[in-house]
Structures are given as structure tokens and as C-alpha cells.
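Each remark here refers to the structure printed beneath this line.
The values are calculated or read from the model by the stated rules, or taken from the named source; none is laboratory data. Because the structure is a prediction, the values reported are computed rather than measured. Cβ placement follows ideal geometry from the backbone for every residue including glycine, while neighbour counts extend to all protein chains displayed. Areas reflect the complete protein model, heavy atoms only, side chains present, ligands, DNA and RNA absent. Shrake-Rupley method; radii C 1.70, N 1.55, O 1.52, S 1.80 Å.
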Amino acid sequence: EISKIQLSSKQNQAFEFLKQHKVSLLFGDTGSGKTEIYMKYFQEILASNKRVIFLMPEISLTPQMDERIKKHFGNNVVMWHSKLTLKQKEVVLEKIYSGEAKIIAGARSALFLPINKLGLIVVDEEHDSSYKEQQKPYYHAREVALKRGEIEKIPVLLVSATPSVETYYRSQIGEIKRLELKERVSTIPLPYIKL
């Protein structure tokens, strides 16, 4: 059901570094291989019989992303977002309660789902403004993720190519461990930019 994820030696070093810290920031350009690293992390968490919350900005909740995760993790994945019908939400909740859902991928509200045996929270594109709830009750999903991680004593991984000022500052003062991926995994060069 779960396909193997191969990492380069650089990615492997990054993965080993992240596993040693409770709160970390994975900071790297598009194409630097961040996705493979956190997918490998998912694999390890699932192998220890725990579950993952994978947060994405609303904009990333596309059929392509759904397909990408399901390619590696098959029926272990459920998606949670505001566009689901009531019936679809019931089906997802049933899979969570039964334990069939191992990776709960979704928008900010996925953080409030009743998931036991949680082993990891990943906040992809942590800088994205859609993590801020604009209606009452106001909250910022990144902050809620950090709090839930602290309460449940599990690692929280923030991921971005352009970290928010707050997260970057916290990594500067040592509250969050920062790992920068400076090279692209693929041989495709960075685009030429002229100002």
C-alpha cells in the first residue's frame, strides 16, 4: 500500500536533523526536495503506528495534491476542507474514528479533528495568509499547530520557501530549529530573473 520514498544523501541528512527536534522549519527553494523529506517523515510516523496532520493552504487543496499523497500512501489518506459536503465529512470522520485514516490532509480546520495517536503535524507553506481565520473565532493555524504539538508532545514541522517573518525570527533566536536546503534536487537550473 505504501510506496518507498528514496532520498538523496543531502535529503537524508536533512531528514535525520528534523527528527531530532520538536519544532523545526524546513526552508528551501521550490525544487529543493522538501516534499520528499516530509513524505519520508510521514512514512516513519505511520510505521510507528501513529498518525499525521498535514496542513496545506486552501490554494494547495487540489486534486493534484490529493493524487500526489495518495500515490505514496493510498487509502491511508483523507482530505478535509470546507468544500466537502456534510455526507463527505461524515465519511472522513468515520475513517478517522475507525483508524483507517492515517494521514489527515487539509485546510486549517483539520487541526481541530479528534485524532488520537497523533505523531506529527506538518504545516506546508507556513507563511500563507489563508492559515489566518478571518471570522470568529479568530485563530492562526500555525500557532494552533504549535500549541497542539506542545500539548500532545509531538513534533511540528513548518515548511516554506519564503518563511514568515515571525517564524524566521523564531528560528534566529533558537525557538525553532531551522534547516536550509540550498540546492535543487533536480538538475533544472533556477529561472533567470531580470529586474
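A few comments on the model shown:
- Scan of segment 41-77 for residues that are in contact with an Asp or Glu (Cβ under 8 Å, 6 or more places away or on another chain) and of a type in the set (A, V, I, L, M, F, W, C), ordered by number: 54, 55, 56, 59, 73, 77
- Considering residues of segment 98-115 that are assigned to a loop (DSSP other than H, G, I, E, B), touching a residue at least 40 places away in the same chain (Cβ under 8 Å) and of a type outside the set (Lys, Arg) only, the residue surrounded by the fewest Cβ atoms within 10 Å (Cβ to Cβ): 113
- For segment 58-86, a residue qualifies if it is among the hydrophobic types (A, V, I, L, M, F, W, C), free of Cβ contacts under 8 Å to residues at least 60 places away in the same chain and part of a helix (DSSP H, G or I), and the qualifying residues are 65, 69, 86.
- Segment 1-22, subset closer than 16 Å to residue 181 by Cβ and small (Gly, Ala, Ser), residue least open to solvent (accessible area, probe 1.4 Å): 14
- Flag for residue 191 being out of contact with any Leu (no Cβ under 9 Å at 6 or more places or on another chain), more than 18 Å from residue 37 (Cα to Cα) and free of Cβ contacts under 8 Å to residues at least 40 places away in the same chain: yes
- Test result for residue 64, within 27 Å of residue 153 (Cβ to Cβ), among the polar types (S, T, N, Q) and within 18 Å of the chain's Cα centre (by Cα): no
- Across segment 23-55, the qualifying residues are those that are in contact with a Gly (Cβ under 7 Å, 6 or more places away or on another chain) and either without any contact (Cβ under 8 Å) to a residue 24 or more places away in the chain or assigned to a loop (DSSP other than H, G, I, E, B) (or both), and the one among them that is least open to solvent (accessible area, probe 1.4 Å) is 48.
- Pair list, Cβ under 9 Å, 6 or more apart: segment 151-166 residue over 17 Å from residue 180 (Cβ atoms), other residue open to solvent by 80 Å² or more (accessible area, probe 1.4 Å): 153/22; 154/22; 154/50; 155/22; 156/22; 156/150
- Candidates 70, 40, 83 - the one that is at pLDDT below 95 and either in contact with a strand residue (DSSP E or B) (Cβ under 8 Å, 6 or more places away or on another chain) or polar (S, T, N, Q) (or both): 70
- Count of segment 121-160 residues, restricted to those that are open to solvent by 10 Å² or more (accessible area, probe 1.4 Å), within 18 Å of residue 27 (Cα to Cα) and assigned to a loop (DSSP other than H, G, I, E, B), is 4.
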